[in-house]
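Chemist: Could you have a look at this structure, given as structure tokens, before my questions?
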């Protein structure tokens, strides 16, 4: 991962801003936070805790010191649940920051994703929790740049990767990187379509270019 910039807890504010701007038009987040004028701020407050969680328990990377994009990863063998990890980084304050009803919707969403991940992913896997590229930099290869070093690491260690996406445009992108859809269904409480994808570790001769 030497080509990327590792992030720490102190970077959570900047990183969550990048992710909020990148994901504010994501179908699921549009339904979780339906008011256009409030979505950006509420999304950043929510994702700040996800970035803090990743920095404390997993790995978070920016594409460069200019923060064109950010990726949040959870490592294998994390025994603690996602909800417990979020609470440990202060997410208990989220209902006071974005309101009880939106916080309840967010919690329901994270719980659903966690349940599906535990049911479908192998015991040893990296979990791509979040990936986002600044709108001004989208379409320039930053998403692949953020993912490629970790995918190469997983191939070397022969460990799987798991992710979910609520944007159908992303499915083809991830398929080109070796992921395959293992489940598709509606995400409560928004009923957004979601694709859950798994990437088995690849041998060098079969890696996707």
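Only the coordinates and a few stated rules stand behind these numbers; no lab work does. Computed from a predicted structure; not experimentally measured. Here Cβ is always computed from backbone atoms with ideal geometry, including for glycine, and neighbour counts include all displayed protein chains.
Chemist: Treat the count of other C-beta atoms within 10 Å as a stand-in for reagent exposure and order 114, 134 from fewest to most.
Modeler: Details: 114 14, 134 19.
Listed from fewest to most nearby Cβ atoms, that is 114, 134.
Chemist: Any chance you could give the angle, 0 to 90 degrees and rounded to 10, that helix 36-57 forms with the longest Cα principal axis of the chain?
Modeler: 50 degrees
Chemist: Treat the count of other C-beta atoms within 10 Å as a stand-in for reagent exposure and order 74, 183, 125, 35 from fewest to most.
Modeler: The order, fewest Cβ neighbours first, is 35, 183, 74, 125.
Chemist: Tell me the relative contact order for region 1-63 as a rounded percent, counting alpha carbon contacts under 8 Å between residues six or more apart.
Modeler: Across region 1-63, relative contact order equals 55 percent.
Chemist: Something else now. List, largest first, the extents of the alpha carbons of region 113-174 along their principal axes, each in whole Å.
Modeler: 37, 27, 17
Chemist: Right, another one. If I stretch the segment between residue 88 and residue 64 completely, what's the gain in nm (0.36 nm per residue apart, minus their alpha carbon distance), one decimal?
Modeler: 5.8 nm
Chemist: Helix 100-120 versus the longest principal axis of the chain: what angle, 0 to 90°, nearest 10, using Cα atoms?
Modeler: Helix 100-120 sits roughly 20 degrees off the main axis of the chain.
Chemist: Along the Cα→Cβ direction, 7 angstrom out, place labels at residue 171 and residue 183. What is the inter-label distance in nm?
Modeler: A separation of 1.6 nm, rounded to one decimal place.
Chemist: Could you give the length gained by full extension between residue 156 and residue 9, i.e. 0.36 nm per residue of separation minus their alpha carbon distance, to one decimal place? Can you show the working numbers first?
Modeler: On the way: separation 147, 0.36 × 147 = 52.92 nm, distance 2.79 nm.
Length gained between residue 156 and residue 9: 50.1 nm.
Chemist: Helix 12-23 versus the longest principal axis of the chain: what is the Cα-based angle in degrees, 0 to 90, to the nearest 10?
Modeler: In the chain, helix 12-23 runs at an angle near 80 degrees to the longest axis.
Chemist: Let me ask you something else. Need one number: convex hull volume per residue for the chain, Cα atoms only, in Å³.
Modeler: 111 Å³
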